[in-house]
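Remarks on the structure that follows.
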Amino acid sequence: MAQGFTRTEMLPAMPPPVSESGTLKWLRENLFSGWLNSTLTAAATLFIAFVAWNSFPWFWHSVWNAGSLNECRQIVTASAGEGATGACWAFLRPWWGAFIFGHQYPVDERWRPVLAFGLLFAALAPVLFAGQKRNLTIILAVVAAFLVLTLYLASAPSLAFALAILGVLALLALAQVQPGKLLWFTLAFPALCFWLLWGGSIWTPIVAVAGFGVLYLVFRLASPVIGLAPAAGAGFVAAVLWWMFVDAPVADALQSAIPIQLLWIASDKFGGFLLSIVIGVTGITFSLPLGILLALGRQSDMPIVKMLCVIFIETIRGVPLITLLFVAAFVLGFFLPPQANFDLLLRVLILVTFFAAAYLAEVLRGALAALPRGQYEAADALGLDYWRAQRLVILPQALKISIPGIVSTFIGLFKDTTLVVIVALYEPLKGITHLVRQDINWKGIYWEPYIFVGAIFFIFCFSMSRYSKYLEDKLKTDHR
Amino acid sequence: MAMAAEAPKDSFRLSMLIFDTRYRSYTIQAVVLGLFVLAIIWLGYNVDRNLDARGKELSFAFLWQRAGYDIPQTLIPYTNDNVHFRALLVGLTNTLAVAICGCILATILGVFIGVLRLSKNWLVSRLMTVYVEVFRNVPLLLWVLLSYVILTETMPQPRDFRVTDEMLAAGEAPAASMTLFDTVAITNRGTNVPAPLLERGLGTIDLGFMSVNLTFLAIVLVIAGSVLAHRFIRAQATAIQEATGVRPVTWWKSLLVLFAPIIALLAALGLHWEVPELKGFNFQGGILVAHAFTALLLALSLYTAAFIAEIVRGGIQAINRGQSEAAFALGLRPSRTMSLVILPQALRVIIPPLISQFLNLTKNTSLGVAISYSDLSGTLGGITRNQTGREIECVFLMMAIYLSISLTISMVMNWYNRSVQLKAR
């Protein structure tokens with residue numbers, strides 16, 4: 001019997017078949033796994049090729065420097081031959097300022113919106129990255145760099161330039177020492193932003209903000225004597241009295257004593273993305289507290305409060321924003337005292353705030369309903385009163401889970417700011433683009449301005465949705 | 001067991017209205033109600049003073065005055081001699097037309113894209129992701145304006161369609177030609193589509209307060225009868241299946257019952273199509289669909305489809321993998337797994353957000369005002385308001401109509417939603 005041959009060492013492993021490894025495997029699994037899949041791949045490839053074939057030469061022959069659309073076309077024909085198409089971005093040279101600030105905003109004052117825009121991020125940072133020293137430092141440093149560059153480009157007066165940079169550097173220093181204190185800047189920002197954008201005497205916003213100081217003071221002094229709720233009411237009354245009777249004379253007196261002012265710019269000079277951002281940011285800022293109150297009112301077990309909140313929320317959510325803008329433009333004036341002089345932008349801002357508040361209230365209602373019943377019961381068991389329970393237990397959790405909803409409401413609101421063109425405000429999409437298309441030099445242009453404005457909106461909205469995704473992942477504390 | 005003592009009634013003091021939580025809510029509600037009433041009175045007082053200052057008073061009588069303006073596209077008969085109320089109805093029908101067509105188109109497109117986005121095909125799913133992100137993150141107004149501008153500025157003029165004798169002799173083709181087998185002409189003025197015409201219509205009868213189109217009535221009745229008959233056939237098949245265990249083949253009966261009567265009716269009425277023709281400087285015959293309608297419909301469907309696609313994708317992904325694994329374990333084919341196991345469960349997740357998308361689409365039809373589409377906000381909120389100067393009445397009437405449309409849609413859809421939700425036992 002022959003001795004069987006026994007191998008004593010292991011054979012090296014064979015490489016996998018070509019079709020089961022590397023690119024080929026990926027292609028086979030992801031693109032050609034069956035006849036249906038192969039057909040889809042072929043159709044998608046054809047579609048992409050078609051789009052690229054038609055749009056690529058157009059982008060490739062882009063003209064950035066020309067005086068009119070005809071000149072653009074001549075340049076394209078000269079460089080790419082008869083019948084070639086090319087994009088004409090040259091309209092941006094005379095019009096980019098109108099797209100960003102509006103065509104009526106004084107050119108010499110453009111540094112003010114730029115500064116306000118930069119400081120907006122400095123004000124947002126303490127909210128977005130509460131207590132994270134590293135992120136705060138990065139954001140503030142970026143804001144400082146942005147302001148140095150853009151204020152120089154916008155040729156800001158040297159005093160404003162120096163003050164702005166010093167201010168941001170002071171914030172940066174504060175972030176190193178006491179990052180929590182930065183929230184005070186956030187609270188002061190609305191008044192500062194108002195003053196930068198509209199101008200006028202600096203004392204107007206300061207004295208108006210002092211009204212809140214009066215509210216707080218009266219509340220603090222009165223609450224040990226008459227209890228929390230009456231003290232809040234008394235503070236509110238005192239603040240209203242301050243605004244009605246004390247505000248204007250004090251502001252005038254201070255202005256004549258220490259005159260500090262910027263050129264007053266009326267609301268109807270605002271336009272372009274400045275207008276969109278002002279409406280969007282103001283709307284979301286003021287609608288957040290209002291939306292929280294509405295959501296709590298809707299959850300409340302007091303039938304009258306609940307009914308009023310439900311009627312408000314459902315009415316606003318049931319009508320298109322355009323009808324609310326009609327209300328702002330044509331009807332709201334009837335409901336205000338005849339001597340009240342609210343300009344159009346302010347009326348639009350009021351209605352946009354109501355609109356966003358109703359949607360936010362609905363988002364928050366979902367979040368409040370999603371909280372486990374035990375959270376409410378635990379807060380009650382600890383003996384917390386209603387407002388403490390909401391502030392310490394319920395709202396932090398509800399706001400956290402409603403972040404995606406809040407951000408998508410904001411994205412929707414930001415996109416909807418384009419609708420203010422219906423009431424003759426110069427937003428970028430129709431207002432300014434229409435002006436470009438009426439310009440004798442650029443008559444007949446349509447793809448380029450729409451692509452330009454659309455791209456800017458896309459960048460804003462897309463980055464916001466990514467940020468909300470990041471935040472959602474970061475705040476997720478359950479382990480699923 | 002000792003009963004809890006009743007709250008002592010005799011010891012009620014006034015301060016308990018503030019400090020006792022049992023009574024405090026009454027105080028708060030009274031204060032809120034009082035403030036609300038005061039606010040209403042204040043607003044009403046202001047309106048009164050403002051109206052006095054302008055020499056106006058609130059009245060809806062203007063609705064029965066002659067409108068005096070033309071509306072380019074009307075679904076119900078309208079001339080500028082009709083009253084403003086009629087113009088309002090025209091606007092309302094135009095709004096509803098775009099909303100209904102848009103909801104249907106957006107749903108079809110959205111489901112298609114949502115399913116493709118889940119496809120294992122890398123290229124296709126990426127392409128659909130790009131579609132969804134691009135359409136969701138750019139304002140709807142841009143899509144409306146862009147589609148309108150493309151339709152009105154890049155489409156050929158009617159005279160480009162003309163074929164002259166010289167061109168025939170030289171063998172040249174005209175600069176533009178009609179699409180879809182020479183039946184549809186898209187010009188810069190609008191889309192000309194064939195119109196259905198009846199040779200032997202049944203006419204109308206006048207009931208005094210309104211006239212009834214008998215042809216329309218007959219068609220509706222026949223379709224309703226067909227649907228009822230179809231239901232009857234299915235019910236019978238189910239009864240037989242339950243009795244014998246074998247389901248009889250019914251698809252040909254259903255097809256016959258559903259389509260034969262309506263085809264027969266239309267043939268009897270003499271249905272034919274009037275194809276648009278170039279006569280003089282413009283197309284004659286057929287129906288001219290305004291570009292404002294087409295652009296608005298296109299933009300609304302494409303935009304809303306992106307949102308619906310996300311909802312569909314989320315709904316399908318929300319179904320536990322175990323469900324499809326269990327279905328495979330039972331030996332169901334992939335297509336039946338989808339239709340019998342995944343979709344019925346996914347629908348429950350999909351429908352509530354889908355309803356709010358339909359509502360959004362309906363509200364967004366008001367964007368038509370940006371491209372002068374004569375919808376509700378174009379007629380009532382636009383020209384009628386402008387001509388009569390009745391801002392308060394027009395704007396609030398318009399809001400009331402939109403609100404009732406929204407409430408109706410959400411009521412109907414919620415009713416449907418309840419019928420597909422899980423019945424908790």
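The values are calculated or read from the model by the stated rules, or taken from the named source; none is laboratory data. Nothing here was measured: the structure is a model prediction, and the numbers come from that model. FYI the Cβ positions are ideal-geometry reconstructions off the backbone, even for glycines, and counts take in every protein chain you see.
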Inside the range B:243-293, the number of residues satisfying the requirement of being charged (D, E, K, R), within 30 Å of B:THR154 (Cβ to Cβ) and outside any strand (DSSP E or B) is 0
When the residues of the range B:223-255 are narrowed to those that are basic (Lys, Arg) and over 21 Å from B:LEU265 (Cα atoms), which ends up modelled with the lowest pLDDT?
B:ARG247
Kindly indicate whether A:THR204 is crowded, with 16+ Cβ neighbours inside 10 Å, in a helix (DSSP H, G or I) and outside the structural domain of A:THR285 (by TED's automatic domain parsing).
yes
Would you point out which residue out of A:LEU169, A:LEU197 is closer than 29 Å to A:ILE284 by Cβ, modelled with pLDDT of 85 or more and surrounded by 14 or more Cβ atoms within 10 Å (Cβ to Cβ)?
A:LEU197
So for the range B:331-347 (the condition being farther than 30 Å from B:PRO72 by Cα and under 21 Å from the mean Cα position of the chain (by Cα)), does at least one residue qualify?
yes
Within the range A:421-444, restricting attention to residues that are over 16 Å from the mean Cα position of the chain (by Cα) and within 10 Å of chain B (Cβ to nearest Cβ), which residue is nearest to A:ILE322 (Cα to Cα)?
A:ILE422
Considering only the range A:16-48, how many residues are at pLDDT 85 or above and of a type outside the set (Gly, Ala, Ser)?
7
If we scan the range B:158-173, do we find a residue that is closer than 24 Å to A:VAL420 by Cα, out of contact with any strand residue (DSSP E or B) (no Cβ under 9 Å at 6 or more places or on another chain) and hydrophobic (A, V, I, L, M, F, W, C)?
no
When you scan the range B:140-237 for strands (runs of 3 or more DSSP E) that lie fully inside it, which ones turn up with 3 or more residues that are touching a residue at least 40 places away in the same chain (Cβ under 8 Å) and surrounded by 11 or more Cβ atoms within 10 Å (Cβ to Cβ)?
B:190-193, B:195-198
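Conditions (1) over 15 Å from B:TRP273 (Cα atoms); (2) in contact with a Lys or Arg (Cβ under 6 Å, 6 or more places away or on another chain); (3) at pLDDT 75 or above, marked per residue:
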site	(1), (2), (3)
B:ASP182	no, no, no
B:ALA185	no, no, yes
B:GLU199	no, no, yes
B:LEU202	yes, no, no
B:LEU207	yes, no, no
B:LEU214	yes, no, yes
B:LEU221	yes, no, yes
Matching residues in the range A:336-370 - criterion: being of a type in the set (A, V, I, L, M), more than 13 Å from chain B (Cβ to nearest Cβ) and loosely packed, with under 15 Cβ neighbours inside 10 Å:
A:LEU346, A:ALA369, A:ALA370
Every pair of residues 6+ apart whose Cβ atoms lie under 9 Å, when the first sits in the range A:290-305 and is in contact (Cβ under 8 Å) with a residue 40 or more places away in the chain and away from chain B (no Cβ under 14 Å) while the second is in a helix (DSSP H, G or I) and β-branched (Val, Ile, Thr):
A:LEU290/A:THR353; A:GLY291/A:VAL363; A:GLY291/A:ILE406; A:GLY291/A:THR409; A:ALA295/A:ILE313; A:ALA295/A:VAL363
Would a scan of the range A:233-246 turn up a residue that is at pLDDT below 90, outside the structural domain of A:SER408 (by TED's automatic domain parsing), assigned to a helix (DSSP H, G or I) and in contact with a strand residue (DSSP E or B) (Cβ under 7 Å, 6 or more places away or on another chain)?
no
Name the one entry in A:SER276, A:SER256, A:SER223 that is out of contact with any strand residue (DSSP E or B) (no Cβ under 9 Å at 6 or more places or on another chain), part of a helix (DSSP H, G or I) and in contact (Cβ under 8 Å) with a residue 12 or more places away in the chain.
A:SER276
Could you list, in sequence order, all residues of the range A:32-87 that are over 30 Å from A:GLU20 (Cα atoms), exposed (fewer than 13 other Cβ atoms within 10 Å of the Cβ) and within 14 Å of chain B (Cβ to nearest Cβ)?
A:PHE50, A:VAL51, A:ALA52, A:ASN54
